[in-house]
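For reference, the structure discussed in these notes is given below.
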Amino acid sequence: MTRVKICGNRQPADVLAAAEAGADFVGIIFADAPRRVQVETAQAMVRALGRPLEVHEIAMPPPARGHAREDEREWFRHGSRVLDAYLEAKRPLTVGVFADQPIDEVNEIAQETGIDLVQLSGDETWEDCLLVTKQTIQVVHVSALDSPSDPLARVEPGFAVALMLDSAHGPYRGGSGQPFDWEVARAVSAELPMFLAGGLNPENVAQAIDQVHPWAVDVSSGTERDGRKDHDLVRAFVDAVRRHDAAD
């Protein structure tokens, strides 16, 4: 099953609509971007979805073997099992999106809002993930100049629980509505589980899954109209993913 992350939510009604549609993750942006959400609003969004992950009973998979920290394939496969265990306890999971912010600020906002996961979408290092108090999704940005081997060479095991590939277009580190070369993503996805982001929408997500076979897909602007979350588009996006999975 392809997991779905609906990002760029700005109010409790948005995350509730995503949850009703069947999303696995909902993103709340704290980075300096047009979709940025204030802490008080984020608190209301998190509360709207019920109890935080940390209070749920979770049956975790066995720990990764020691050498997994040197093997990106085994490390991220174990990470996907960890996230699936979280999803068994709570769905959707809330993801706070940050970019180039002090880690102390990231941890403070994560604590104040009660988000379940942190996504680092700026120029943070892999080592920065270890300083975050929540499990972390690390984003690698792909430009038009990258060959299929380039992003995989920039992936480091032992730090983040998950990897996301997103487009390098635009100043806001994601949410640009611009795709990158899916052949690059396909080469990475063939080796390890990953989130695919960048220019996805209800019309092209099935094709993206066919070509890339990602563990999860992430959408923001592709489920918006006039810069605001459109709940009909959210439902259409999730439905497109589920129909593809059912037919596959």
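Side notes on the structure shown:
- For segment 38-89, the square roots a ≥ b ≥ c of the C-alpha gyration tensor eigenvalues yield an a/c of 1.5 or more together with a/b exceeding b/c, which makes the shape prolate.
- Accessible surface area normalised per residue over the chain is 44 Å², counting heavy atoms of protein chains with a 1.4 Å rolling probe.
- For segment 28-35, Karplus couplings with θ = phi - 60° (6.51, -1.76, 1.60), whole Hz, Gly/Pro x: 10, 8, 10, 6, 6, 8, x, 8
- Calculated [θ] (222 nm, deg cm²/dmol) that DSSP helices of n ≥ 4 give over the chain, each run adding -39,500 (n - 2.57): -10500 deg cm²/dmol
- Ligands, DNA and RNA left out, the 1.4 Å accessible surface of segment 6-136 is 47% carbon and sulfur atoms.
- Percent accessible area from carbon and sulfur atoms, segment 139-248, protein chains only, probe 1.4 Å: 47 percent
- Reference-scaled alpha-carbon Rg (2.2 N^0.38 Å with N residues) for the chain: 0.92
- Taking amide H atoms as placed 1.01 Å from N in the peptide plane, the amide H of GLU224 lies under 5 Å from those of ASP230, each 5 or more residues away in sequence or on another chain.
- Prolate/oblate/rounded label for segment 103-241 (Cα gyration tensor, a/c 1.5): oblate
- Selection of trypsin sites (Lys or Arg not before Pro), segment 10-75, meeting DSSP coil and at most 11 other Cβ within 10 Å: ARG65
- Annotation: peptides 225-238, 132-145, 20-33, ranked by per-residue average of other Cβ atoms within 10 Å with the highest first, follow the order 20-33, 132-145, 225-238.
- Shape category assigned to segment 95-162 from the gyration tensor of Cα positions, a/c cut at 1.5: prolate
- Counted over the chain, the DSSP beta bridges are approximately 5% antiparallel.
- Taking amide hydrogens as placed 1.01 Å from N in the peptide plane, the amide H of ARG3 sits under 5 Å from those of ALA216, VAL217, each at least 5 positions away in sequence or on another chain.
- Computed over the alpha-carbon atoms, segment 1-81 gives an Rg to Rh ratio of 1.07, Rh here being the Kirkwood radius from the mean inverse distance.
- J(HN,Hα) series, segment 106-118, from Karplus relation 6.51 cos²θ - 1.76 cosθ + 1.60, nearest Hz, glycine and proline x: 4, 5, 5, 5, 4, 5, 5, 8, x, 4, 8, 9, 10
- Put simply, segment 35-123 fits an ellipsoid with semi-axes of 26, 18, 10 Å; these come from the alpha carbon gyration tensor as the roots of five times its eigenvalues, largest first.
The values are calculated or read from the model by the stated rules, or taken from the named source; none is laboratory data. This structure is a prediction, so every number in the text was calculated from the model and none was measured. So basically every Cβ, Gly included, is an ideal-geometry build from the backbone, and we count neighbours across all protein chains shown. Just so you know, the surface numbers come from the protein's heavy atoms only, side chains and all, with ligands and any DNA or RNA stripped out. Shrake-Rupley method; radii C 1.70, N 1.55, O 1.52, S 1.80 Å.
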